[in-house]
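*Asks:* Take this structure, written in structure tokens, and hold onto it; I'll ask about it next.
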Protein chains: 2
Amino acid sequence: MDTKQPDSFFKKKISRRKMLKYSGAGILGVVIGATGLGSIANTLGYSIVEDDMTVTDKIPFFGKSQSGIKTEVQKHIYFASINVIVQSKTELEQLFKEWTPLAVRMMNGQQIEEPATNAYIAAKDTGEAVGLSASNLSLTFGVGPSLFRKSELGLERVKPKELEKLPHFPKDQLDDSYSDGDLCIQACADDPQVAFHAVRNLIRAASGKVTLKWTQAGFNSFPVNNNKKQTPRNLFAFKDGTGNPNVKNTSEMKDIVWIQPGESVPWMVGGTYLVARRIQMHLETWDRTALGEQEATFGRHRDSGAPIGKTKELDDMELTRTDSAGKPIVPITSHVHLAKQVKDRMLRRSFSYSSGIDPKTGVFDSGLLFISFQKQPKQFINIQNSLGRVDKLNEYITHRGSAIFACFPGIQKGSYIGETLFKA
Amino acid sequence: MDTKQPDSFFKKKISRRKMLKYSGAGILGVVIGATGLGSIANTLGYSIVEDDMTVTDKIPFFGKSQSGIKTEVQKHIYFASINVIVQSKTELEQLFKEWTPLAVRMMNGQQIEEPATNAYIAAKDTGEAVGLSASNLSLTFGVGPSLFRKSELGLERVKPKELEKLPHFPKDQLDDSYSDGDLCIQACADDPQVAFHAVRNLIRAASGKVTLKWTQAGFNSFPVNNNKKQTPRNLFAFKDGTGNPNVKNTSEMKDIVWIQPGESVPWMVGGTYLVARRIQMHLETWDRTALGEQEATFGRHRDSGAPIGKTKELDDMELTRTDSAGKPIVPITSHVHLAKQVKDRMLRRSFSYSSGIDPKTGVFDSGLLFISFQKQPKQFINIQNSLGRVDKLNEYITHRGSAIFACFPGIQKGSYIGETLFKA
């Protein structure tokens, strides 16, 4: 890196377009493996590409944990569930090797190949993110229970015993078109086109090896107060994510999210489980409900996000508070009361979705792409069972999709996505 | 307005949350009609609410033309096509009267009612935009041909003769679930939740009077260069919107977009026609196509957006250029060449969409929510017919939805949406 360049030169957002220009001058600390990137799609090798931390709106790819888990939640998601059609573990491993440098480059805000100049072949990058910045793109990869049932892959013996299809919960009305999958790619970014571009290019690089099972786009809108992002509201207008573990608190994250040695199969140490639930919200019914009833349903005030009877979002919930008649102030059938009845916790990282209308009923097909991370699926299962049949919120929502994926531990420089699984 | 306040106080983005706080102090120039807003939903009257131009990220509601047409295109759209189930013209007129102050308030970045304090009734505003800024929300209202066929409304005699369902074009594969509609609401904003919130609250206020026919969310991502927004790319990676009329050129807009006296029925003078086409892009096929072939398909270079053989996006197309062999440099079957074969022009204002996968084929259900404005439907029809069967782009796209709406002229202060139609 040319140290004579002022700091501000490196710290500004560098778009895919400018990156191209600058990297030609060799002044950025981006190291590209000797095989070159042009050959990636054609060979079964993989190149080492490094995080370029001179880009300000950039999330590191390499590290102790995968991106998109403890990463500050972005504005957009494009979530893809994928089935694999490869016939061997080696082919699958190869796919992850090929995906690795592509993921690093896209998270750097670069194209897979730039510039696209050969008119006689298809461009390696689909190009719709040309000129857009890295946009805090994160990419999270995981494997579902069905992958381990494919005998041709020979992965049965390394399946973590806790990685099983989630049980049927009371009031689930699951649709296979929004459920399960052999693999997942969670692409989150502050720009919807950057998130979509990432999934599209990874799927394209896997042509003939995978099929799309289901995908879902989603968004989060952050109120800003004194230049600080506030907790976003879901489409029921309630703040979603209050009371999450503090991702900067290492011991809390170890307790709740990151699998520790001895807690699962060795290849999952440092990894976590992703639960995805496509939850349709019955907005029309909700909107006819009195404000007090809505607040009693969540256990919080709508506009402030405060626990019922309190004034600030972060005020202590104090579930045991009672009114003068001895009645609990936070109703015992409220969502928050029931969720806190079990000691289990999880890291929620959800996005709203608005996907047209439900053709059967003519109502909005809108709701929440609920995503949570926990080191044991039973954390989610216990909480969901506690919500069970009594959660007042059940009247207003229907779970339409469900999936679980084992997310690999972080990828080290020189390694590739999922190496711990393939070396297990 | 308290003139002692410094300019900066008024010029910063004021969120729905802060607006509430400030308006309590009476320092904003927002005038609310004497009937009060609380009573809107309960009465058949309508209140006068004014644009609050102290909010910086705010588009005016009142004016010569409706918002969302010449408005600089935003990042997000939520488009709703609606059927009406009212039984009389008076009821329909009343609906538009009720919608007017709601639209103005939401475009001001305000809630319909704030704060929501009565626990015993449903809140008037659904609340998910609390704390979010006005986000340059625009709302565009139009009426489709089917509205005039409803004899109970008695509007047949004022139907503009040119307002007819669009003809079937070569290669159309239209789906009724993405086509037509009695009314449309085009909500565009720089925040997806603000756009969705606007449609949801208007639909809710029309409960029992309308049903949703179809809706579609979409997005635009703007490369930024020297702090200037560049032309966004569609999902084929080509810049979309180059060569649009200059919305600031009054005579160009009169020629292309705004209906002049004598050019249609009197109630449409100052209005325009909105054409919406849900165009699925076959990304997988496109991505297998050589770059040169893609560029020959559009007639432009992909990354720069320049006409073929030129270097800059805004370089003159010069369709008549030939190579040394006398062959046209811009292929005569390219999209841009065919579109320019007819003298007709239109104002394009499209958004990309990524709506999961096509369940029948497993490919991305992604593409373009094409939207254009023109003062005569035949402008769009002529161009689309010129593209006809020969457009090279046809191989890569399928038109799945189609609709046309007559968009009213601008709404004047004290008037209401669609008044010219109801007074016709």
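*Asks:* Using only the Cα atoms of the protein assembly as shown, each taken as one equal point scatterer with no solvent, compute I(q) by the Debye sum, divide by I(0), and report log10 of the ratio at q = 0.05, 0.06, 0.08 Å⁻¹.
*Replies:* For the protein assembly as shown at q = 0.05, 0.06, 0.08 Å⁻¹, log10 I(q)/I(0) is -0.28, -0.40, -0.73.
*Asks:* Let me ask something else. Along Cα-to-Cβ, 7 Å out, sits the label point; list in nm, shortest first, how far the one on A:Arg149 is from those in the other copies.
*Replies:* Once sorted, the set of distances for A:Arg149 reads 4.8 nm.
*Asks:* Rank the residues B:His197, A:His168 as a footprinting-exposure proxy: fewest other Cβ atoms within 10 Å of their Cβ go first. Walk me through the numbers on the way to the answer.
*Replies:* Numbers: B:His197 32, A:His168 10.
Result, fewest neighbours first: A:His168, B:His197.
*Asks:* Let me ask you something else. Tell me what chain B gives for mean residue ellipticity at 222 nm when only DSSP H runs of n ≥ 4 count, each as -39,500 (n - 2.57), the sum divided by the residue total, rounded to 500 deg cm²/dmol.
*Replies:* Working: 10 runs with 87 residues, N = 424.
So the helix-based figure for chain B works out to -5500 deg cm²/dmol.
*Asks:* Sticking with this structure for a sec: Calculate, for A:Ser386 and A:Thr211, the FRET efficiency according to 1/(1 + (r/R0)^6) with r their C-beta to C-beta distance and R0 45 Å; round to the nearest 0.05. If you can, show how the numbers build up before the last one.
*Replies:* Details: r = 36 Å, r/R0 = 0.80.
Rounded to the nearest 0.05, the efficiency is 0.80.
*Asks:* With N residues in segment A:231-293, what two-decimal value do you get for its Cα radius of gyration over 2.2 N^0.38 Å? Intermediate results must be reported in sequence, preceding the final value.
*Replies:* On the way: Rg = 17.5 Å, N = 63, 2.2 N^0.38 = 10.6 Å.
Taking N as the residue count of segment A:231-293, the ratio is 1.65.
*Asks:* Under Stokes-Einstein, with the Kirkwood radius over Cα pairs standing in for Rh, what whole-number D in µm²/s applies to chain A at 20 °C and 1.002 mPa s?
*Replies:* Working: Rh = 22.8 Å.
This corresponds to a translational diffusion coefficient of 94 µm²/s.
*Asks:* Let me ask you something else. Could you name the residue in chain A with the C-beta closest to the rotation axis that superposes chain A on chain B, along with the separation in whole Å?
*Replies:* Spelled out as residue then distance in Å, it is A:Ser355, 3.
*Asks:* Can you tell which of A:Pro60, A:Pro145, A:Pro266 shows the greatest fluctuation in a Gaussian network model of chain A with Cα springs below 10 Å?
*Replies:* A:Pro266
*Asks:* Could you work out how far helix B:377-387 tilts from the main Cα principal axis of chain B, as a 0 to 90 degree angle to the nearest 10?
*Replies:* Helix B:377-387 and the main axis of chain B meet at about 30 degrees.
*Asks:* Given the Cα-Cα distance of A:Lys159 and A:Ser146 and 0.36 nm per residue of separation, how much length would full extension add, in nm?
*Replies:* Values: separation 13, 0.36 × 13 = 4.68 nm, distance 1.01 nm.
Gain on extension, A:Lys159 to A:Ser146, equals 3.7 nm.
*Asks:* Shape call for segment A:258-388 from the C-alpha gyration tensor, a ≥ b ≥ c root eigenvalues: rounded (a/c under 1.5), prolate (a/b greater than b/c) or oblate? Kindly include the intermediate steps, with their values, before the conclusion.
*Replies:* Working: a/c = 2.44, a/b = 1.19, b/c = 2.04.
Verdict is oblate for segment A:258-388.
*Asks:* Helix A:192-205 against the longest principal axis of chain A: what's the angle in degrees, Cα atoms only, rounded to the nearest 10?
*Replies:* Approximately 60 degrees, to the nearest ten.
*Asks:* May I pose another question? If I model a spin label as a point 7 Å beyond the Cα along the Cα-Cβ vector, how far apart are those points for A:Lys327 and A:Lys312 in nm?
*Replies:* With each label point 7 Å from Cα toward Cβ, the separation is 2.9 nm.
*Asks:* Quick check: Cα centre of segment A:166-196 to Cα centre of segment B:233-311, how many Å?
*Replies:* Their Cα centres are 34 Å away from one another.
*Asks:* Only Cα pairs within less than 10 Å get springs; with that Gaussian network setup on chain B, which residue of B:Leu283, B:Leu139, B:Leu368 has the largest fluctuation?
*Replies:* B:Leu283
*Asks:* Could you work out Rg/(2.2 N^0.38 Å) for segment B:370-422, with Rg from alpha carbons only? Intermediate values should be presented prior to the final figure.
*Replies:* Details: Rg = 16.2 Å, N = 53, 2.2 N^0.38 = 9.9 Å.
My calculation over the Cα atoms of segment B:370-422 gives 1.63.
*Asks:* Next question, about the same structure. Mind checking the full-extension length gain between A:Thr117 and A:Asp175? Use 0.36 nm per residue of separation minus the Cα-Cα distance, one decimal, nm. Don't skip to the answer; put the middle values down first.
*Replies:* Values: separation 58, 0.36 × 58 = 20.88 nm, distance 4.39 nm.
My answer for the length gained is 16.5 nm.
*Asks:* Label-to-label distances across copies for A:Pro266, with labels 7 Å out along Cα→Cβ, in nm, shortest first?
*Replies:* In ascending order, 8.8 nm.
*Asks:* Kindly provide the pair-distance distribution of segment B:68-194 built from C-alpha pairs, with 5 Å bins from 0 and whole-percent values in order of increasing distance.
*Replies:* Using 5 Å bins, I get a P(r) of 2, 9, 14, 17, 17, 16, 12, 8, 3, 1, 0, 0 for segment B:68-194.
*Asks:* Also, quick follow-up: What spacing in nm lies between the two simple spin-label points modelled at B:Glu284 and B:Thr398, each 7 Å away from Cα in the Cβ direction?
*Replies:* Output for this residue pair reads 1.2 nm.
*Asks:* Just in segment B:56-119: which GluC sites (Glu not before Pro) are loop by DSSP and have at most 16 other Cβ atoms within 10 Å?
*Replies:* Numbers: sites: B:Glu72, B:Glu91, B:Glu93, B:Glu98, B:Glu113; in loops: B:Glu72, B:Glu113.
Sparse-neighbourhood loop GluC sites (Glu not before Pro): B:Glu72.
*Asks:* I'd like the distance between the alpha-carbon centres of segment A:381-397 and segment A:115-147, rounded to an integer number of Å.
*Replies:* After rounding, the separation between the Cα centres reads 38 Å.
*Asks:* Which whole number gives the average, over all residues in B:129-135, of C-beta atoms from other chains lying within 10 Å of the residue C-beta? List each step's numbers first, then the result.
*Replies:* Values: counts 4, 8, 12, 7, 3, 0, 1.
If you average over the peptide's residues, the count of other-chain Cβ atoms is 5.
*Asks:* Still on this model: Just counting partner chain Cβ atoms within 10 Å, what average do the residues of peptide B:281-287 show around their Cβ?
*Replies:* Working: counts 0, 0, 6, 4, 0, 2, 11.
Counting Cβ atoms of other protein chains within 10 Å of each residue's Cβ and averaging gives 3.
*Asks:* Sticking with this structure for a sec: If N is the number of residues in segment B:121-164, what value comes out of its Cα radius of gyration divided by 2.2 N^0.38 Å? All intermediate terms of the calculation are to be shown ahead of the outcome.
*Replies:* Values: Rg = 17.9 Å, N = 44, 2.2 N^0.38 = 9.3 Å.
Taking the Cα Rg and dividing by 2.2 N^0.38 Å, one obtains 1.93.
*Asks:* Between segment A:77-111 and segment A:318-376, what is the separation of their alpha carbon centroids in Å?
*Replies:* 33
*Asks:* Further, regarding this structure: Loop-only trypsin sites (Lys or Arg not before Pro) in segment A:335-424, please: DSSP not H, G, I, E or B, and at most 15 other Cβ atoms within 10 Å. The partial results should precede the final answer.
*Replies:* Details: sites: A:Lys340, A:Lys343, A:Arg345, A:Arg348, A:Arg349, A:Lys360, A:Lys375, A:Lys378, A:Arg389, A:Lys392, A:Arg400, A:Lys413, A:Lys423; in loops: A:Lys340, A:Lys343, A:Arg345, A:Arg349, A:Lys360, A:Lys375, A:Arg389, A:Lys413, A:Lys423.
Counting only loop positions with at most 15 other Cβ atoms within 10 Å, the trypsin sites (Lys or Arg not before Pro) in segment A:335-424 are A:Lys343, A:Lys360, A:Arg389, A:Lys413, A:Lys423.
*Asks:* If the label for B:Thr322 sits 7 angstrom from Cα along the Cα-to-Cβ line, what are its distances to the same label in every other copy, in nm to one decimal, shortest first?
*Replies:* Ordered by increasing distance: 9.6 nm.
*Asks:* Follow-up question, since we're still on this one. Quickly work out the B:Glu91-to-A:Lys378 label distance, labels modelled 7 Å from Cα along the C-beta direction, and quote it in nm with one decimal.
*Replies:* 5.8
*Asks:* Moving on to the next point. Please list, by residue number, every one of the chymotrypsin sites (Phe, Trp or Tyr not before Pro) in segment A:86-145 that is coil in DSSP and has at most 12 other beta-carbon atoms within 10 Å.
*Replies:* Numbers: sites: A:Phe96, A:Trp99, A:Tyr120, A:Phe141; in loops: A:Tyr120.
Taking segment A:86-145 and a limit of 12 other Cβ atoms within 10 Å, the loop chymotrypsin sites (Phe, Trp or Tyr not before Pro) found are A:Tyr120.
*Asks:* Moving to a separate point now. Give the order of B:Phe380, A:Phe298, B:Phe169 when sorted by the count of other beta carbons within 10 angstrom, beginning with the fewest.
*Replies:* The order, fewest Cβ neighbours first, is B:Phe169, B:Phe380, A:Phe298.
*Asks:* Another question, if that's okay. Would you list, by chain and number, the aspartates and glutamates whose Cα falls below 18 Å from the Cα of A:Lys58, excluding same-chain residues fewer than 8 positions away?
*Replies:* A:Asp7, A:Glu50, A:Glu72, A:Asp190, A:Asp191
*Asks:* Per residue of A:217-228, count partner chain C-beta atoms within 10 Å of its C-beta, then hand back the mean as an integer. All intermediate terms of the calculation are to be shown ahead of the outcome.
*Replies:* Details: counts 8, 1, 7, 2, 14, 4, 10, 6, 4, 0, 0, 0.
The per-residue average across the peptide is 5.
*Asks:* Compute the acute angle (0 to 90°) between the alpha-carbon long axis of helix A:89-107 and the principal axis of greatest extent of the alpha-carbon atoms of chain A; round to the nearest 10°.
*Replies:* The helix A:89-107 is inclined about 90 degrees to chain A.
Every number in this text was worked out from the coordinates using simple rules, so none of it is lab data. Fair warning: this is a prediction, and the values are worked out from it, not measured in the lab. Heads up, the Cβs are rebuilt from the backbone with ideal geometry, glycines too, and the neighbour counts pull from every protein chain shown.
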